[in-house]
Amino acid sequence: MSFRRTQSSLPAEGRLGRRSLLKAAGATAVGATLLSATTGTARAAATTESADVIIIGAGYAGGTVARELALKGLKPLVLEAQNRIGGRVFTSTYAGAEVEIGAGWLGPQQPLIHKELQRYGISFYEDVVPEQFILPGDQGFQTLNPSDAVTTLDQLWGEFYSGSENYFERPYDPLYRADLLKSVDPLSLADRLGQLSLSPTEKQWLNSETSVYSGGPSSLGALTAMAQWIQLAGGTYGDYTTTMSLRPEGGMIAVLQKMLAESKADIRLNSPVKKVTESGGVVTVETTSGATFKAPAVVVAIPTNVWKNITFNPGLPTAHQRATTEGIGIPHATKVWVHVQGNTPPSVAQAGEGSPILMMVPQVKTSKGRLYVAFTGPSLNVGNASAFKSAVQQLLPGSTVLEYRAMEWAKQQYTGGGWGLRRPDQLLGLFPAIEEPHGRILFAGGDIAKGWHGAFIEGAIESGFRAAGQAAELV
Ligand SMILES: Cc1cc2nc3c(=O)[nH]c(=O)nc-3n(C[C@H](O)[C@H](O)[C@H](O)COP(=O)(O)OP(=O)(O)OC[C@H]3O[C@@H](n4cnc5c(N)ncnc54)[C@H](O)[C@@H]3O)c2cc1C
């Protein structure tokens, strides 16, 4: 996390159109019922229902696929494991305020989400601007004014990302300079920190962020993963900080709700998928309740880390197996909403790698004080209230925690990780194969986006457009 500075298609003989699929499945009548636009809970089906395309997962990737297929005249069926849409987007309320349990912010340089905001007439506003920074110093923490802190951080990150303007000459086409990437893709964020001559304090200024993004040790995340974000944002760390500057009216869920409504998709909540089988030009999907569904194409729009929880037949290709075994979703992503008492200036606070809380970001004022978002490190047990409160006091001296609410994303059954951050060697090792269809089974998700991958709904939307195009060619 960062803070703001200021304010293919199959060969012809392999294609099976929708009509022939319904015939093949012997399910024309059932299909007609199924394809009515409803939102409901899982129903155990005695017969196999049919759809034009089945989408597994109702996050931003799945929602984009559903809307785009509907615009092409198709009627999608969405199977969602949980009792809500959104996945890693989860707008809620806490201490009387609208809060984001998952994804929280948009950036101005993300064209796809801005187009969606415009399409649905949803406005956005600027989030709270910090008035001071609390950062590691030579002897304990130091408080700095924003411009001093950002000037130094800009310079340090400039060194850290130096060269990325060359190996990501075209950041939306990350393999364009695959030749240059060969020597940098194996590097972790920790490797890169080790290459620079940094004082212990400077190192902590950087590794608090590389550790947050990696979900633990900075050795987990790839240098190329974060460097690509910097280049997508405009090239400087200051540009990148604006990716956490905007919030949509109605919360991060607002656009997805509109997308799914426009799609008129048949959405089945509480429908975890356990098996996906392709045979004879038809894909059959089975949920844990035993309900089965058939379609000429299926889009798997669930986090990469949980692909392994579904039995695929034929089995996943090598790149997909590798992605779900190694994981792209980070292994620790705990986001905590903290209600802090008192009228203190909104402060960004950071602590070095290994600290119980790595970063705190100021949010709205309340009648009793202010809300903060805290990103913890794996060493802190957020279930231990006294340990959590004392960790907050270390970062925000003199503060009193009134209450807090933590979400441990990596422990969630249908997420299996936090936001995505590619591991070393994954860019060259997984791409472009990870975006390719596996017969009639297609893959979407923010984790495997080409541009704003991993930690951005922008990437989920991008991958949804790609998968929708691939699916449309198969039906
Ligand atoms: C703590 C946190 C903070 C973040 N902050 C930001 C931010 O500030 N800005 C930003 O743009 N992005 C942020 N992100 C990233 C963003 O949330 C994701 O990139 C994006 O939501 C991914 O969308 P998706 O559709 O690919 O996957 P998901 O949102 O994970 O959706 C996948 C869906 O699949 C469902 N599913 C899983 N398994 C099954 C199954 N077997 N059967 C049926 N359904 C299944 C899940 O329940 C889920 O609903 C953050 C993420 C986290 C965790």
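Any read-out appearing in this document is the output of simple, stated calculations on the displayed coordinates, not a laboratory observation. On a predicted model such as this, the values are computed, not experimentally measured, just so you know. Every residue, glycine as well, gets a Cβ built from its backbone with ideal geometry; the counts of neighbours run over all protein chains shown.
Some points to look at:
- Every condition in (1) out of contact with any strand residue (DSSP E or B) (no Cβ under 9 Å at 6 or more places or on another chain); (2) within 16 Å of the ligand (Cβ to nearest atom); (3) over 24 Å from Leu181 (Cα atoms) holds for Ala261 except the one numbered (2).
- Scanning the range 418-475 for residues that are within 16 Å of the ligand (Cβ to nearest atom) and at positive phi turns up Gly445, Gly454.
- Residue count for the range 186-200, restricted to those that are of a type outside the set (Asp, Glu) and assigned to a helix (DSSP H, G or I): 7.
- Positions within the range 285-306 being touching an Asp or Glu at 6+ places or on another chain (Cβ under 7 Å) and aliphatic (A, V, I, L, M), in sequence order: Ala295
- Qualifying positions in the range 390-424 - more than 10 Å from Ala333 (Cβ to Cβ) and assigned to a loop (DSSP other than H, G, I, E, B): Leu396, Pro397, Gly398, Ser399, Thr400, Gln413, Tyr414, Gly416, Arg422, Arg423, Pro424
- For the range 56-65, the criterion of a residue being within 15 Å of the ligand (Cβ to nearest atom), in a strand (DSSP E or B) and surrounded by 18 or more Cβ atoms within 10 Å (Cβ to Cβ) is satisfied by at least one position.
- Contacts under 8 angstrom Cβ, first residue in the range 345-367 being under 19 Å from Asp138 (Cα atoms), partner aromatic (Phe, Trp, Tyr) and in a strand (DSSP E or B), 6 or more apart: Val348/Phe133; Ala349/Phe133; Ala349/Phe141; Gln350/Phe133; Ala351/Phe141; Ile357/Phe375; Leu358/Phe375; Met359/Phe375
- Residue among Val285, Val276 that is aliphatic (A, V, I, L, M), over 24 Å from the mean Cα position of the chain (by Cα) and closer than 24 Å to Ile434 by Cβ: Val285
- The single condition from (1) away from the ligand (no atom under 13 Å from the Cβ); (2) surrounded by fewer than 21 Cβ atoms within 10 Å (Cβ to Cβ); (3) under 25 Å from His339 (Cβ atoms) that Glu408 fails is (1).
- Residue in the range 321-341 that is away from the ligand (no atom under 16 Å from the Cβ) and among the small types (Gly, Ala, Ser) present: no
- Residues that are in a loop (DSSP other than H, G, I, E, B) and under 27 Å from Ser183 (Cβ atoms) within the range 425-441 comprise Asp425, Phe431, Pro432, Glu436, listed in sequence order.
- Residues being more than 15 Å from the ligand (Cβ to nearest atom), surrounded by fewer than 20 Cβ atoms within 10 Å (Cβ to Cβ) and more than 29 Å from Tyr125 (Cβ to Cβ) - total across the range 354-379: 2
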